[in-house]
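Worksheet: one structure, shown below.
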Amino acid sequence: MTAAKKTVPALEVNRERLWARHMAMARIGAIEGDGSCRLAMTAEDAEARALLAGWCRDAGLELHVDRAGNMFAVRAGSDPARKAVACGSHLDTQPHGGRFDGVSGVLAGLEVIETLAEAEIATAAPVAVVNWTNEEGVRYAPGLLGSAWYSGLIGDDDLSNLRASDGTSFDEEARHRGWLGETSVKFPVEAFLELHIEQGPILEREARQVGIVTSVQGLTWLDVRVLGTDAHAGTTPLDHRQDALLAAARMLEALNEAGRDHSSAARVSVGRLRTATDGPSTIVGEANFVIDIRHPDPSTLAELGTRCAEICQSVGSRSGCRTSVTQRISVPPTKFDRRCIEALEAGAVRRKYSYRQIPSGALHDASNVARVVPTAMVFVPCRGGISHNVAEYASPEDLAAGTNVLLDAVVQLAS
């Protein structure tokens with residue numbers, strides 16, 4: 001008689017521990033409505049870093065901190081020639097942020113390492129969990145700061161010259177908080193994986209447990225200045241006005257329509273509008289706003305940028321205003337590494353999770369790291385697609401599913 005083949009159960013992360021650590025981290029910088037406020041290199045950020053470092057020490061990991069304050073906690077591998085397979089994200093938040101944006105990726109990385117250690121599974125490559133500095137860019141600009149330094153987009157001098165909105169030096173603050181590393185040597189990584197909440201509604205709407213992220217769409221910011229003429233609201237006839245605010249309002253409506261008419265993948269937004277005057281009885285003579293344009297295809301992104309600039313010029317002319325449009329930044333789309341994508345997808349298939357491939361609409365540290373290291377991401381659903389908001393929520397089940405996918409990919413890439 002032939003013996004029945006024994007089925008080996010899949011290795012599972014500890015869902016309860018993962019959730020408990022989310023809740024423990026959320027108590028640092030807690031704000032009303034179950035939100036979090038931990039701006040980079042504040043006392044709250046330092047406390048969160050210390051909590052993470054303590055968990056890492058308890059897990060027997062070796063902690064490294066670099067010139068940008070990035071944290072790498074490492075479990076050794078058996079092959080000294082191999083670089084680390086790293087996973088992580090960021091602990092800093094928006095001022096009215098939630099409990100899951102960024103932090104989930106860091107805690108998932110730590111959970112992967114502890115699951116491997118508890119199961120006594122050795123890997124050839126070291127495995128590391130990463131906390132990137134100042135991803136949100138609230139106190140210090142630009143955002144994605146730590147990963148920008150790591151990938152060579154900014155250098156040591158840029159960090160030395162960097163100041164917060166309140167004038168605080170990045171170097172002085174990081175040193176004061178105890179998180180300014182002495183080395184400018186980049187920690188050696190051979191592959192990077194980032195778990196993140198989707199920050200959008202697609203996975204929840206389609207009832208998918210995970211999303212395998214194939215790319216990050218490109219981003220262009222256009223600064224628009226609309227010049228009219230200051231005038232008295234009570235004495236200036238409606239047909240005799242050069243109203244910069246009214247012209248800007250017409251532009252915003254036309255820009256929204258252009259985005260809607262282009263394709264479902266197009267994103268055209270204006271989130272900041274400022275006027276030179278703020279009087280209820282004054283016709284506005286100057287208005288300024290920023291257009292945020294995103295698309296996964298570089299040629300389409302460029303086309304959208306040109307179309308948005310043309311709209312502003314045309315509407316401004318018809319409104320009797322002078323208009324200038326200048327490009328502030330342009331970040332090309334990022335395609336993730338095929339091998340890393342396949343490792344994540346294999347985990348979702350193996351565990352029979354419902355999933356889909358998906359592009360990321362937001363920038364992440366992974367989009368910087370992908371410039372220098374093979375990289376990919378896994379998304380988990382967030383309720384209502386809400387993020388950068390105290391109501392942000394991801395379920396324990398979905399977080400565990402995404403972390404299990406991350407676990408399988410790390411085992412495959414580090415073996």
How many nm separate the modelled label positions at E120 and R350, each set 7 Å beyond the Cα in the direction of the Cβ?
2.0
Computed about the Cα centre, the charge dipole of the chain from +1 Lys/Arg and -1 Asp/Glu charges at the Cβ has a magnitude in debye, to the nearest 20, of 860
With the cut-off at 1.5 for a/c, could you classify the chain from its C-alpha gyration tensor as rounded, prolate or oblate?
prolate
Given the Cα-Cα distance of K335 and R205 and 0.36 nm per residue of separation, how much length would full extension add, in nm?
44.3 nm
Taking θ as phi - 60°, what are the ³J(HN,Hα) couplings along segment 155-166 by the Karplus curve (6.51, -1.76, 1.60), each to the nearest whole Hz, with x for Gly and Pro?
x, 4, 5, 4, 5, 5, 8, 7, 10, 6, 4, 8
Can you quote the Å³ per residue value for the convex hull of the Cα atoms in segment 1-120, rounded to an integer?
135
Could you please state, rounded to a whole Å, how far the C-alpha centre of segment 145-182 is from the C-alpha centre of segment 188-216?
28
Tell me, in nm to one decimal, what length is gained between V185 and A10 on full extension, where the rule is 0.36 nm per residue of separation less the Cα-Cα distance?
59.2 nm
Cα centroid separation - segment 336-415 against segment 122-137, whole Å:
14
Options T236, L344, I197, ranked by Cα towards positive dipole end of the chain, top entry (Cβ charges)
L344
About its Cα centre, how strong a charge dipole does segment 339-391 have in debye, to the nearest 20, once Lys and Arg get +1 and Asp and Glu get -1 at the Cβ?
200
Report the one residue of T306, T277, N389 whose Cα lies farthest in the direction of the positive end of the charge dipole of segment 276-415 (charges on C-beta: Lys and Arg +1, Asp and Glu -1; origin at the Cα centre).
T306
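With r defined as the distance between the Cβ atoms of Q357 and V290 and R0 fixed at 35 Å, what FRET efficiency is calculated, to the nearest 0.05?
In this case the efficiency is close to 0.70.
To the nearest 0.05, what FRET efficiency results for E257 and M23 with a Förster distance of 41 Å applied to their C-beta separation?
0.40
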In a GNM of the chain with a 10 Å cut-off on Cα contacts, which of D101, D66, D79 has the highest mean-square fluctuation?
D79
Could you tell me the relative contact order of segment 218-331? Use alpha-carbon pairs under 8 Å, at least six residues apart, and round to a whole percent.
46
Tell me, in nm to one decimal, what length is gained between S269 and S415 on full extension, where the rule is 0.36 nm per residue of separation less the Cα-Cα distance?
48.2 nm
Kindly provide the GluC sites (Glu not before Pro) of segment 37-132 that DSSP labels as loop, not H, G, I, E or B, and whose Cβ sees at most 12 other Cβ atoms within 10 Å.
E120
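So which GluC sites (Glu not before Pro) in segment 141-203 end up in coil per DSSP with only 14 or fewer other C-beta atoms within 10 Å?
Of the GluC sites (Glu not before Pro), the ones in loops of segment 141-203 whose Cβ has at most 14 other Cβ atoms within 10 Å are E182.
Within 11 Å, Cβ to Cβ, of V138, how many net charges do the neighbouring residues add up to if Lys/Arg are +1 and Asp/Glu are -1?
Combined, the nearby Lys, Arg, Asp and Glu give -2.
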Hey, can you rank 29-41, 157-169 by average C-beta count inside 10 Å, highest first?
29-41, 157-169
Under 5 Å between amide H atoms, partner at least 5 residues away or on a different chain: which partners does M377 have, H built in plane at 1.01 Å?
E194, V213
Amide H contacts of A30 (H built 1.01 Å from N, under 5 Å, at least 5 apart or other chain):
C37
Förster-model FRET efficiency, 51 Å R0, D79 and Q327, C-beta, rounded to 0.05:
0.65
In terms of the alpha carbon gyration tensor, root eigenvalues a ≥ b ≥ c, rounded if a/c is under 1.5 and otherwise prolate when a/b exceeds b/c or oblate, segment 205-248 is prolate
Backbone HN-Hα couplings from phi across segment 326-334 [Karplus 6.51/-1.76/1.60, Hz, Gly and Pro as x]
10, 8, 8, 9, 9, 10, x, x, 10
For the chain, what does the relative contact order come out to in percent, with C-alpha contacts under 8 Å and a separation of six or more?
23
Can you tell me which aspartates and glutamates have their Cα less than 17 Å from the Cα of K186? Leave out same-chain residues fewer than eight positions away.
E62, D66, D156, D157, D158, D365
Long-range amide H partners of V284 with built H, under 5 Å
A244, L245
Heads up, segment 218-331 by the C-alpha gyration tensor (a ≥ b ≥ c square roots of eigenvalues; a/c under 1.5 rounded, else a/b over b/c prolate, else oblate) looks prolate
How big is the antiparallel share of DSSP beta bridges in the chain, given as a percent to the nearest 5?
70
Note, ³J(HN,Hα) from phi for segment 205-212, Karplus 6.51, -1.76, 1.60, rounded to Hz, x at Gly and Pro:
4, 9, 6, 9, 7, 9, x, 9
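Any read-out appearing in this document is the output of simple, stated calculations on the displayed coordinates, not a laboratory observation. Just so it is clear, the structure is predicted and the values come from calculations on it, not from any experiment. Note that each Cβ is placed from the backbone with ideal geometry, even for glycine, and that neighbours are counted across all protein chains shown.
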